[in-house]
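Working notes, beginning with the structure itself.
The values are calculated or read from the model by the stated rules, or taken from the named source; none is laboratory data. Quick caveat, the model's predicted, so the values are computed rather than measured. Cβ placement follows ideal geometry from the backbone for every residue including glycine, while neighbour counts extend to all protein chains displayed. Please note that ligands, DNA and RNA were not included when accessible areas were found on the heavy atoms of the full protein model with its side chains. Shrake-Rupley method; radii C 1.70, N 1.55, O 1.52, S 1.80 Å.
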Amino acid sequence: MRLFWEIAARSFRRHLTYRAATVAGLVTNFGFGWLRVSVLLALYDGRSAVEGITVSGLYAYVALTQAVITYLAFFGWVDLMNSVYTGEVGSDLLKPMNYFRYWLAQDAGRALVALLLRGVVIMLFFSLVFPMTYPETVGQWLALATAIILSWFLSFTYRFLLNLAAFWTPNAKGIGRFGYVISWFFSGFLMPLRLFPEWVQTVANWTPFPHMLNTVVEIYIGTLQGTAVWQALILQAAWAIGLAIVGQLLLKTAVRRLVILGG
């Protein structure tokens, strides 16, 4: 575990140096968030709530989804994929650490920087401009913290799987983009899942995507309560563990077919 935390700490310090990119990302996220608020408010047509989501809950939804874009790497993460194409994967596989846990540690440092410098700041910005709703109990805050951590782990296992496509094709970025677009739709990133037709919600619930984001949102705004919260957290953990196991099995096949030239 010490090696894991050392790698995560170095990743944290490395990503902490990109201050200009952080500021630019904050401005962009807040600007697009303002536009999203305007578009989604039009769906309410003067009503105080739609499908259990109040207007203040809608503000919180937009704030949260904008805040976790970088934390969950929703717009793409190709570090592992690029390491395969450059041949760096050879040295990564020789490290005294499991390949999955090595990249998990790298991503943990990156995600923590994104959560602190972008996520928290964006939430503060939105709270100053919009009358957002907030968790009301200690239990809700604890469930939210657990959901946020599990959402990152689930997101990583999914991104890890997408990046493993690089072992089979000379350019897997198209596969990655397709995978990310699907996650935007079924996770509730583009619009709250409760506002979609019931058949879309049914299909989404058979996938891991709602547990990357929608679960976090619904715990935060209080549409999930009581035993439903713990059921959602258990499903989050189950999907994350399941995808991690699939990733480990797929990695074994990928490594067997890996050929590095010129090294």
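Results, tabulated for the structure shown:
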read-out: Dipole in debye (nearest 20) - the chain, about Cα centre, beta carbon charges: Lys, Arg +1; Asp, Glu -1; value: 820 debye
read-out: Folded to 0 to 90 degrees: helix 55-67 orientation relative to the chain principal axis, Cα; value: 20 degrees
read-out: Helix 138-163 axis, angle to the chain major axis (alpha carbon atoms, nearest 10°); value: 40 degrees
read-out: Cβ-derived FRET efficiency at R0 41 Å, residue 32 paired with residue 202, nearest 0.05; value: 0.90
read-out: Region 1-27-region 32-99 distance, computed between alpha-carbon centres (Å); value: 17 Å
read-out: Value at 222 nm in deg cm²/dmol, rounded to 500, when DSSP H runs of n ≥ 4 in the chain each add -39,500 (n - 2.57); value: -22500 deg cm²/dmol
read-out: Accessible surface, the chain, averaged per residue in Å² (probe 1.4 Å); value: 51 Å²
read-out: Inter-site label distance for residue 44 and residue 169 at 7 Å from Cα along Cβ, in nm; value: 4.1 nm
read-out: Distance (nanometres) between label positions extended 7 Å along Cα→Cβ at residue 128 and residue 88; value: 3.6 nm
read-out: Percent of Cα-Cα distances greater than 31 Å, calculated over the chain; value: 27 percent
read-out: Separation of the residue 225 and residue 178 label points, Cα + 7 Å toward Cβ, nm; value: 4.3 nm
read-out: Most to least packed among 225-237, 43-55 [average Cβ atoms within 10 Å]; value: 225-237, 43-55
read-out: With every protein chain in place, region 154-240: carbon and sulfur % of accessible area (1.4 Å); value: 68 percent
read-out: Alpha-carbon gyration tensor eigenvalues x 5, square-rooted, for region 97-243, Å; value: 27, 19, 16
